Amino acid sequence: MKRDLKLILSRPLSFALRATRGLRRNLTHLYAHAALSADLATPLPTSAVIEGRAFVYGTRNIRFGENVLLYPALHLETQEAGQIEVGDEVVISRGVHIVAMAGVSIGAGSMIGEYASIRDANHQRSEERSFRESGHTAKTIIIGKEVWIGRSVTVLGGVTIGDKATVGANAVVTRDVAPGETVAGVPAVPISRREITIS
């Protein structure tokens, strides 16, 4: 009996949901855009496509370029003088964490894979204080144009990743990456390099 009722009710509901899929998607984008815009200290361009909720913490000193594509469950945090600058046409995938206490810059056309962690600060240890109260050191991270950062990559403070570089999935980037270079591993090391024209 319950099975028959479920079947009878699910067909028209499925039809209605299928028929309104485009509208529901547009409303989701509109809500996510409005929610992120309300959380930022600077205006969010209307060209930004926001696929789901992003979570903003700290001073909200975050600036996005035109035509960015942001997937759900982003963690965006700025503290102290830190700022996050995201260029035009950047894609940031689901679950990415970006934390800036000095600064994080992502160049135009770059793509950041799912669950990547880009943090410009490291904790310190002190004999006089607890670990939590020992402070941190922060160094700016610069990610160039047209950079591809794979899934679950970690980028540490003070690193510069050159234009058109590629970082393989799960890598931990502790040193600078040259333009056009591909790095992978823990810690990330060069595995190939191509000549590029930087405009």
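The values are calculated or read from the model by the stated rules, or taken from the named source; none is laboratory data. Computed from a predicted structure; not experimentally measured. Positions of Cβ are generated from backbone atoms using ideal geometry, with glycine treated the same way; all protein chains shown enter the neighbour counts. Surface accessibility is based on the protein's heavy atoms, side chains included, excluding ligands, DNA and RNA. Shrake-Rupley method; radii C 1.70, N 1.55, O 1.52, S 1.80 Å.
The lone criterion from (1) open to solvent by 60 Å² or more (accessible area, probe 1.4 Å); (2) over 24 Å from E146 (Cβ atoms); (3) not basic (K, R) left unmet by A35 is number (1). Residues that are of a type outside the set (G, A, S) and within 14 Å of the chain's Cα centre (by Cα) were ranked within the stretch 41-56; the one that is nearest to V96 (Cα to Cα) is F55. Residues of the stretch 52-72 that are open to solvent by less than 40 Å² (accessible area, probe 1.4 Å) and not in a strand (DSSP E or B): G52, G65, V68, P72.
In the stretch 20-32, is there at least one residue being among the basic types (K, R), under 18 Å from the mean Cα position of the chain (by Cα) and surrounded by 11 or more Cβ atoms within 10 Å (Cβ to Cβ)? Looking for residues that are among the basic types (K, R), under 18 Å from the mean Cα position of the chain (by Cα) and surrounded by 11 or more Cβ atoms within 10 Å (Cβ to Cβ), one finds none in the stretch 20-32, hence no. The set of residues in the stretch 91-146 being of a type in the set (S, T, Y) and at pLDDT 95 or above consists of S93, S105, S110, Y115, S117, T140.
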